[in-house]
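Data first, discussion second: the structure below is written as structure tokens.
The values are calculated or read from the model by the stated rules, or taken from the named source; none is laboratory data. Just so it is clear, the structure is predicted and the values come from calculations on it, not from any experiment. With ideal geometry, Cβ positions are generated from the backbone for all residues, glycine too; neighbour counts draw on all protein chains shown. Accessible surface is based on the protein model in full, side chains and every heavy atom, while ligands, DNA and RNA are left aside. Shrake-Rupley method; radii C 1.70, N 1.55, O 1.52, S 1.80 Å.
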Number of protein chains: 2
Amino acid sequence: MGEFDLIARIRERCTSRRDVLLGIGDDAALLQVPPCQALCVSMDTLIAGVHFPYETAASDVGWKALAVNLSDLAAMGAKPLWATLALSLPTPDERWLEGFLDGFFELAEREGVALVGGDTTRGPMSITVTIHGAVLPEHALRRDAARVGDVIAVSGTLGDAAAGLRALQQSSAAHQRPELRVRLDRPTPRLALARHLAGRAHAAIDVSDGLLADLGHVLVASRVGASLQLDALPTSQAMRQSVPDAVERHSLQCEGGDDYELLFTLSEAEWLSLQPEAERQGWQVTAIGRVEAATGLRLSLAGHPVDPPTRTGWDHFGAAS
Amino acid sequence: MGEFDLIARIRERCTSRRDVLLGIGDDAALLQVPPCQALCVSMDTLIAGVHFPYETAASDVGWKALAVNLSDLAAMGAKPLWATLALSLPTPDERWLEGFLDGFFELAEREGVALVGGDTTRGPMSITVTIHGAVLPEHALRRDAARVGDVIAVSGTLGDAAAGLRALQQSSAAHQRPELRVRLDRPTPRLALARHLAGRAHAAIDVSDGLLADLGHVLVASRVGASLQLDALPTSQAMRQSVPDAVERHSLQCEGGDDYELLFTLSEAEWLSLQPEAERQGWQVTAIGRVEAATGLRLSLAGHPVDPPTRTGWDHFGAAS
């Protein structure tokens, strides 16, 4: 299978959108951005052994490559439209490619994303996706827009992906739970919730580096501080069973990345009016803290202050930051 | 140097544009596409040893990573606006990074491109750029728009990059010419010419896979054929000196990739009216053939038909196509 066969294989799996004037097959794609909306662009690379375990199924790699990018659009409150894909493979492995495309297009079709271009090369395995979406600029959820008094909330549950990865790394059958592994391999970008929050919430970020690191990014950008209740962190049943020790659990929840949940801040009034909508839609949302004027982050457990863990965030060059 | 330092280093080199509502530093960039214009998107990966020789200077790698993408925009007649950069490095080498950024931003500033986002990861060296531009959709230079009777023309000279690479691979000092090497390492995207051709020429493509392969893409997409005069191919003085044999020279010019010249088709009338403008602007443009109704490609030399070379085009998976 040569490069052109590979492109043909990808191309025949593509579904289009009406705003794609020209898709795969020319020097560049031509796309129609909705009038008055800002184009929203993000780009993420996945490398085997760094961003996913080597033994990850090809279809999960395909899903995750798109999911982590969609999660960035969710964090802006944007609607996803188009993706481009740069795929580098050591050998053009047909079976792996078909699996990869299965996972990629399963998520693309679910979220209405059209693949409009990219590049395929021979090289060490690496997958880079650039995602494009649209949002009214005044509704975008920026990191620098948190306000003193805001409720800090998160979607879903925290720490599952980190617990799933730890169980895998320890090869500890006792701690492995499929519910955790699926959170690691097939993260769910919170797009519907994000679209609802656009124009309603103030700031947002997706939890990819770890809760404390990502909250830190928001606080620094917004020049505010926060208090956080560790006992308020939403925790799955599988996580409680896999990690019975509360200290360990909190550490995984605060520092583990890869949850791809949405962390957002909004006024008390918006928080209250979110509740019935969240119930209707089946969105799990949990208040975990408050934005405060004093800079820095204050953690508490059962009403008592506790120290933050020393290592915060996931640095892909391995240095603590 | 950790990932966040690396991002900071890149960020401080960025210049912005007024249409960048939000650049590096959030989950995604927010960008304002010019009204009524189509967004034009392309993505290209460079891998050491595949797309550039291992010993290429870091600044040349930075230049080329952006240049090959800008060349795709040129091939659509689009005006470049923004880029995102995914950089994977085995170790965060500060000196290499600064060199890379020197070359990248030298070209970005020359063409008014703002770097608005991306990703940095630890892994085998690989550089992926996604480029964004804008063009009136009805003016875009598509591959499928060549018309019977069109003049086939190219910018610049052909085969220089291939001759430069061959001399390097053969370690043949006699054949090495800095003028050829610079064409390999620092290709010039023909953006000004392309902007002039938008709405005037019919079809265009950039010569990256090789002249015959790329012309083939246009002919197949447009469902036409062509005749090509090998003795009309524009040839640099350095190329003539480095490759004195005409047959070898034609082979390099027909099959070598990496020239990043513009190949375009346009009516006889537009071709004639291009001449004085090209002279004013200092653009070298050369007519090399004609679009014809009969499919397939007919080559001639000194008025006599000749066979096309057997291997056409550059396949990054190494299979002849």
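What the table below lists for this structure:
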item	result
Of all residues making up segment A:119-155, the number that are modelled with pLDDT of 95 or more and part of a strand (DSSP E or B)	15
Matching residues, segment B:81-114, being open to solvent by 10 Å² or more (accessible area, probe 1.4 Å), over 17 Å from B:L46 (Cβ atoms) and not basic (K, R)	B:T91, B:P92, B:E94, B:E98, B:E109, B:E111, B:G112
Count of residues meeting criterion [out of contact with any helix residue (DSSP H, G or I) (no Cβ under 7 Å at 6 or more places or on another chain) and of a type outside the set (S, T, Y)] in segment B:76-108	14
Flag if A:S208 is crowded, with 20+ Cβ neighbours inside 10 Å and modelled with pLDDT under 95	yes
Members of segment B:1-13 that are in contact with a helix residue (DSSP H, G or I) (Cβ under 8 Å, 6 or more places away or on another chain) and either at pLDDT 85 or above or surrounded by fewer than 19 Cβ atoms within 10 Å (Cβ to Cβ) (or both)	B:M1, B:R9, B:I10, B:R13
Some residue of segment A:244-264 being buried (at least 18 other Cβ atoms within 10 Å of the Cβ), over 30 Å from A:F52 (Cβ atoms) and over 19 Å from the mean Cα position of the chain (by Cα)	no
Among residues of segment A:96-118, those that are of a type in the set (A, V, I, L, M, F, W, C) and in a loop (DSSP other than H, G, I, E, B), counted	1
Checking B:G199 against (1) open to solvent by 20 Å² or more (accessible area, probe 1.4 Å); (2) more than 23 Å from A:D27 (Cβ to Cβ); (3) of a type outside the set (F, W, Y), the condition it does not meet	(2)
Listing of helices (runs of 4 or more DSSP H) fully contained in segment A:222-282 that carry 1 or more residues being in contact with a His (Cβ under 9 Å, 6 or more places away or on another chain)	A:237-242, A:268-281
B:L301 being of a type in the set (A, V, I, L, M), modelled with pLDDT of 95 or more and either touching a Leu at 6+ places or on another chain (Cβ under 9 Å) or not assigned by TED's automatic domain parsing to the domain that holds B:R223 (or both)	no
Selected residue (criterion: farthest from the other protein chains (Cβ to nearest Cβ)) from residues of segment B:119-148 that are open to solvent by 30 Å² or more (accessible area, probe 1.4 Å) and either among the basic types (K, R) or more than 22 Å from B:M76 (Cβ to Cβ) (or both)	B:V148
Among (1) β-branched (V, I, T); (2) surrounded by 22 or more Cβ atoms within 10 Å (Cβ to Cβ); (3) closer than 30 Å to A:A203 by Cα, the one test that B:V20 misses	(2)
Yes/no for A:D27 being in contact with a Gly (Cβ under 8 Å, 6 or more places away or on another chain), within 26 Å of B:I47 (Cα to Cα) and charged (D, E, K, R)	no
Filtered residues of segment B:26-66 (kept if in contact with a helix residue (DSSP H, G or I) (Cβ under 7 Å, 6 or more places away or on another chain), open to solvent by 20 Å² or more (accessible area, probe 1.4 Å) and within 25 Å of A:A74 (Cβ to Cβ))	B:D26
Matching helices (runs of 4 or more DSSP H) fully within segment B:160-216 where at least 3 residues are within 19 Å of B:Q284 (Cα to Cα) and not hydroxyl-bearing (S, T, Y)	B:178-185, B:191-197
Residue within segment B:75-96 that is among the polar types (S, T, N, Q) and more than 10 Å from chain A (Cβ to nearest Cβ) present	no
Strands (runs of 3 or more DSSP E) (entirely within segment B:1-91) containing at least 2 residues that are among the hydroxyl-bearing types (S, T, Y)	B:38-47, B:79-89
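Residue by residue, here is whether (1) facing chain B (nearest Cβ under 8 Å); (2) over 25 Å from the mean Cα position of the chain (by Cα) holds:
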residue: A:G25; (1), (2): yes, yes
residue: A:Q32; (1), (2): yes, yes
residue: A:L46; (1), (2): no, no
residue: A:H51; (1), (2): yes, no
residue: A:W63; (1), (2): no, no
